[in-house]
Amino acid sequence: MIWAFDLILLIFLVITAIIALQVRDLLSATMIFGVYSFLMCLFWAEMGAVDVAFTEAAIGAGVSTVFLIATVFRTSRRSSD
């Protein structure tokens, strides 16, 4: 494993997790979770677990993000800001 790449990837993972928890907009949080899943896919692939990386890319970054975005678009606000 390349330790510099692992360190940069880990820093990006922590940053995206913190940003996803702090952001107030649901669509932005969903997109950031998609980026987080993609970074986890890269992390699994770099560790040599290609099957887990493929599953994370298909389910985590792909299907879950699409479902969450569709859910955000189908909901409406009950109060005005």
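The values are calculated or read from the model by the stated rules, or taken from the named source; none is laboratory data. On a predicted model such as this, the values are computed, not experimentally measured, just so you know. Cβ placement follows ideal geometry from the backbone for every residue including glycine, while neighbour counts extend to all protein chains displayed.
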Please state which one of 49, 61 is out of contact with any Ser or Thr (no Cβ under 8 Å at 6 or more places or on another chain) and free of Cβ contacts under 8 Å to residues at least 40 places away in the same chain.
-> 49
Where residues in region 29-81 are part of a helix (DSSP H, G or I) and among the acidic types (Asp, Glu), which of them is surrounded by the most Cβ atoms within 10 Å (Cβ to Cβ)?
-> 56
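Every residue, every condition in (1) at pLDDT 90 or above; (2) within 18 Å of the chain's Cα centre (by Cα); (3) not charged (D, E, K, R), yes or no:
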| site | (1), (2), (3) |
| --- | --- |
| 40 | yes, yes, yes |
| 44 | yes, yes, yes |
| 48 | yes, no, yes |
| 52 | yes, yes, yes |
| 57 | yes, yes, yes |
| 61 | no, yes, yes |
| 70 | yes, yes, yes |
| 76 | no, no, yes |
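With the requirement that a residue be free of Cβ contacts under 8 Å to residues at least 12 places away in the same chain and in a helix (DSSP H, G or I), what does region 11-28 give you?
Answer for region 11-28, where residues must be free of Cβ contacts under 8 Å to residues at least 12 places away in the same chain and in a helix (DSSP H, G or I): 11, 14, 15, 18, 21, 22, 28.
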